[in-house]
Amino acid sequence: MSNLEEFGYRQQLKRALGTRDLVIFGMISMVPIAPFAIFGFVWNDSRGMVPLAYLLGLVGMSFTALSYAAMSRAFPVAGSVYSYAQRGLSDVAGFFAGWLILLDYILVPALLYLVSAVALRPLLPGVPQWVWLIGFIAFNATANLIGIHFTARMYWYLLVAELVVLALFVVIGLAALYAGSGAGQLTLRPILNPSVFSLGTVAAATSIAVLSFLGFDAISTLSEENRGEPASIGRATVLSLLLVGLLFMVQTWIATDLAQGMRFSSPETAFYEISEVAGGRWLRDLALGATVVSSGIANAMASQAAVARILFAMARDGKLPAVLAKVHPRYKTPHVSTLTVAAVSLVVGLFFSRHLDDLSRVVNFGALTGFLLLHLSVINHYFLRQRSRDLIRHLLFPLAGFLVIAYVLYEMDSAAKIMGACWIGVGAVYYLVLNFVLKKPVALEV
């Protein structure tokens, strides 16, 4: 267990999580059935090579997970990539890493609520979308206010439920496939279809597919609630990513071959239509219900917890209003940050209610650009600053991760890049005001 005093902090949050809890948190944050919700968008952009997009996403995210593991050992504090870039590069880099990752974390809960609302539309068309938003937000905010020990127990039960639904789809989907549906069997076309393959096409699809992986990095925000050794954070990060990545590959491979010859009514409902072909309306409705629970409750609850701790860490360092660093005296949770995330989620959810795909791309921009700074932090801290001789872990892996993510960003939708650049511009103005108008100290000893 790390001593926070050596990093200039005191222990305020409750240490209640073991390695198993961290792995479960990572899997819940990614959602083992995440492709249910965005399969149609990845299908369109990849021209049917959905598993390939997820495979490339897994490769890129694996390098990133290793960088998170390296930095979590060196700096076992809350704040994730904000803290790692701050201490591994510079205070300026830390601020912008935190600012960029906030674009991911602050928007993810709203995105998840919208995904759930869309899934509920065919089941309960008469209920307005804003009602679902308020209901999900209120439930998750309450759970996170009570404490991480309470939510950890909920994550376990929710994860088991998701895996049961996924197992049913895999078994029934394979049975339907070999009974003559779709391609009639598992084929290699979903992995590589030479007639439509291009690097640009797959990279564009990967920029959407990586949305399913975002969340494994949230484990690092729980460093100050980890009751084990600092290395537990890194092990849980890598293990949860690999486990969920394998599940993504299996389910999208089966779904892609089942989808051969189909025309979807909309990208948002593509996976549910495939489920209906495989097992009938009951399987479609089960997939819809599982998406609602996994996105609107399980994943959103974990995302709210993660972003609240990044706000807590940045506010504790004076980079955001100090009120966000307040900890509830009884529950030992950052309650002001938690309520702030809930309010922002409601506003963003209402604003993007008819632009789910745009919101997903903006979320990815924030996460991926933050990851670029993470990889540079590993290289600077270990290879340059400490003269590490471990060239593979401290130079080649982070460099490979940087290049993969940079290419995906390059191929990303231009609208997402424009909105992301605007976010960076707002952050630059805020940083200048913070340092040259409000005269906030920026120096940090490492």
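Summary table below
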quantity	calculated
Qualifying positions in the stretch 297-330 - out of contact with any Ser or Thr (no Cβ under 7 Å at 6 or more places or on another chain), under 18 Å from G215 (Cα atoms) and surrounded by 23 or more Cβ atoms within 10 Å (Cβ to Cβ)	A298, A300, V307
Residue within the stretch 210-220 that is without any contact (Cβ under 8 Å) to a residue 24 or more places away in the chain, within 26 Å of G289 (Cα to Cα) and among the β-branched types (V, I, T) present	no
Scan of the stretch 401-423 for residues that are aliphatic (A, V, I, L, M), in a helix (DSSP H, G or I) and buried (at least 17 other Cβ atoms within 10 Å of the Cβ), ordered by number	V404, I405, V408, L409, A416, M419
Residue that is farthest from the chain's Cα centre (by Cα), among those in the stretch 267-287 that are touching a residue at least 40 places away in the same chain (Cβ under 8 Å), surrounded by fewer than 23 Cβ atoms within 10 Å (Cβ to Cβ) and under 12 Å from A119 (Cβ atoms)	D285
Lone unmet requirement of (1) touching a residue at least 60 places away in the same chain (Cβ under 8 Å); (2) part of a helix (DSSP H, G or I); (3) farther than 30 Å from L120 by Cα for A367	(3)
Flag if L286 is closer than 28 Å to S83 by Cβ and at pLDDT 85 or above	no
Counted residues, the stretch 250-266 - those being buried (at least 20 other Cβ atoms within 10 Å of the Cβ) and either within 17 Å of the chain's Cα centre (by Cα) or not in a helix (DSSP H, G or I) (or both)	1
In the stretch 136-190, the residues that are out of contact with any Ser or Thr (no Cβ under 7 Å at 6 or more places or on another chain), under 27 Å from V118 (Cα atoms), of a type outside the set (A, V, I, L, M, F, W, C) and surrounded by 17 or more Cβ atoms within 10 Å (Cβ to Cβ)	N140, T151, Y155, G173, S181, G182
One residue from M49, M61 being buried (at least 21 other Cβ atoms within 10 Å of the Cβ), at pLDDT 85 or above and closer than 21 Å to A231 by Cα	M61
Cβ pairs under 7 Å, 6+ apart, first in the stretch 314-333 and within 26 Å of F150 (Cβ to Cβ) and modelled with pLDDT of 85 or more, second polar (S, T, N, Q) and assigned to a helix (DSSP H, G or I)	L324/S337; L324/T340
Residue, modelled with the highest pLDDT, within the stretch 204-244, restricted to residues that are part of a loop (DSSP other than H, G, I, E, B) and of a type outside the set (D, E, K, R)	F213
Residue list for the stretch 362-400, filter: under 20 Å from D104 (Cβ atoms) and at pLDDT 90 or above	L372, L373, L374, H375, L376, S377, V378, P398
Helices (runs of 4 or more DSSP H) fully within the stretch 17-104 counting 3 or more residues that are small (G, A, S) and over 20 Å from A203 (Cα atoms)	50-74, 81-88
Residue match in the stretch 85-103 (condition: over 27 Å from Y430 (Cβ atoms), crowded, with 23+ Cβ neighbours inside 10 Å and modelled with pLDDT under 80)	no
Subset of the stretch 157-183 [free of Cβ contacts under 8 Å to residues at least 12 places away in the same chain and at positive phi]	G180
Among (1) without any contact (Cβ under 8 Å) to a residue 60 or more places away in the chain; (2) surrounded by fewer than 20 Cβ atoms within 10 Å (Cβ to Cβ); (3) in a helix (DSSP H, G or I); (4) over 20 Å from the mean Cα position of the chain (by Cα), the one test that L350 misses	(1)
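The values are calculated or read from the model by the stated rules, or taken from the named source; none is laboratory data. No experiment lies behind these values; they were computed from the predicted model shown. Here Cβ is always computed from backbone atoms with ideal geometry, including for glycine, and neighbour counts include all displayed protein chains.
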